[in-house]
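Here the structure is laid out as structure tokens; the discussion comes afterwards.
The values are calculated or read from the model by the stated rules, or taken from the named source; none is laboratory data. Remember, predicted model here, so these are calculated numbers, not experimental data. Here the Cβ positions follow ideal geometry from the backbone for every residue, glycine too, while neighbour counts run over all protein chains shown.
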Amino acid sequence: MRAYAYQAFYRMPSPLRRAAVILVAPKYLVGAVAVIRDADSGNLLLLRQPSKAGWSLPAGLLKRREEPAIGAARELLEETGVRIDPDDLTPGVPNAIVHPVGVVDTVFFGTVDASRATLHIDGGEIVDIGWFPIDDLPRLTRNTTDLLSRYDLAGPPASKADRDAADPARANADRGTAGPAETKADRGTADPARATADRDAARPAGTKADRGPATVDEERA
């Protein structure tokens with residue numbers, strides 16, 4: 001059956017075969033990422049966008065029929081104001097990173113003189129830009145951490161257990177509680193007067209024998 005399907009496919013006119021492939025093939029968005037470091041210190045250029053919880057690399061989608069290296073240099077200039085010749089960019093090995101969300105990033109490395117580079121923050125798409133030592137990077141987006149870890153420039157993304165251990169308060173907030181419920185012993189330690197009042201309220205009423213002879217005589221009188 002499969003052989004007949006292939007025979008029928010290859011008998012189709014070329015434009016029709018191409019349309020069929022486009023229809024059934026997985027769809028990916030293709031972008032370009034610029035990993036730029038200072039030629040002197042080796043610091044890494046990062047930027048922060050208002051829509052992302054962390055710092056990321058200069059990157060963006062390629063234009064139609066745009067060469068990946070040209071796209072990386074263009075995105076670098078548009079987002080940071082840093083200029084670099086596309087011919088001075090070196091393709092990463094591997095050059096392409098496939099993300100689970102259906103995006104393929106082509107990755108390029110380059111160096112510039114940070115002391116002469118003028119950073120431009122537009123305040124809209126980009127809210128902050130900076131140079132950071134590789135061994136002291138700020139909080140990164142998950143995709144950025146994943147990408148840099150493939151080139152041994154950052155550790156692997158932290159697991160949920162690791163994040164909870166590093167920030168217990170946030171972990172408790174995520175679980176919808178600030179901690180274990182307070183026990184009576186805890187309340188008694190914090191407020192002895194309250195603990196005594198609670199014990200008195202819980203104590204059963206005494207019998208005549210418990211109240212003693214003097215009280216019994218008073219009741220008889």
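Against the list (1) part of a loop (DSSP other than H, G, I, E, B); (2) touching a helix residue (DSSP H, G or I) at 6+ places or on another chain (Cβ under 9 Å); (3) of a type in the set (A, V, I, L, M, F, W, C), the condition Ala114 fails is (2). Of note, Thr118 satisfies the criterion of being modelled with pLDDT under 95 and among the hydroxyl-bearing types (Ser, Thr, Tyr).
Taken over the stretch 38-78, the criterion of being within 21 Å of Asp128 (Cα to Cα) and without any contact (Cβ under 8 Å) to a residue 60 or more places away in the chain is satisfied by Ser51, Pro58, Ala59, Gly60, Leu61, Ala72, Ala73, Arg74, Glu75, Leu76, Leu77, Glu78. Scanning the stretch 91-105 for residues that are β-branched (Val, Ile, Thr), within 23 Å of the chain's Cα centre (by Cα) and closer than 15 Å to Leu148 by Cβ turns up just one, Ile97.
To keep it simple, each residue is scored yes or no on (1) under 14 Å from Ile36 (Cβ atoms); (2) under 25 Å from the mean Cα position of the chain (by Cα); (3) loosely packed, with under 11 Cβ neighbours inside 10 Å; (4) among the β-branched types (Val, Ile, Thr).
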position: Ala72; (1), (2), (3), (4): yes, yes, no, no
position: Leu76; (1), (2), (3), (4): yes, yes, no, no
position: Arg83; (1), (2), (3), (4): yes, no, no, no
position: Leu89; (1), (2), (3), (4): yes, no, no, no
position: Val107; (1), (2), (3), (4): yes, yes, no, yes
position: Val112; (1), (2), (3), (4): yes, no, no, yes
position: Ala117; (1), (2), (3), (4): yes, no, no, no
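The set of residues in the stretch 1-33 that are in a loop (DSSP other than H, G, I, E, B) and either over 41 Å from the mean Cα position of the chain (by Cα) or among the small types (Gly, Ala, Ser) (or both) comprises Met1, Met12, Pro13, Ala25.
Among the residues of the stretch 60-77, is any in contact with a Leu (Cβ under 7 Å, 6 or more places away or on another chain) and in a loop (DSSP other than H, G, I, E, B)?
no
Pairing residues of the stretch 80-97 that are without any contact (Cβ under 8 Å) to a residue 24 or more places away in the chain with residues that are among the small types (Gly, Ala, Ser) and surrounded by 14 or more Cβ atoms within 10 Å (Cβ to Cβ), at Cβ distances under 6 Å and at least 6 apart in sequence or on separate chains, gives Pro86/Ala69; Pro86/Ala73; Asp88/Gly110.
List every residue pair whose Cβ atoms sit under 9 Å apart, with the two residues 6 or more apart in sequence or on different chains, where the first one lies in the stretch 1-29 and is over 25 Å from Asp105 (Cα atoms) and the second, anywhere, is surrounded by fewer than 10 Cβ atoms within 10 Å (Cβ to Cβ). Close Cβ pairs (under 9 Å, with a partner that is surrounded by fewer than 10 Cβ atoms within 10 Å (Cβ to Cβ)) amount to Arg17/Tyr10.
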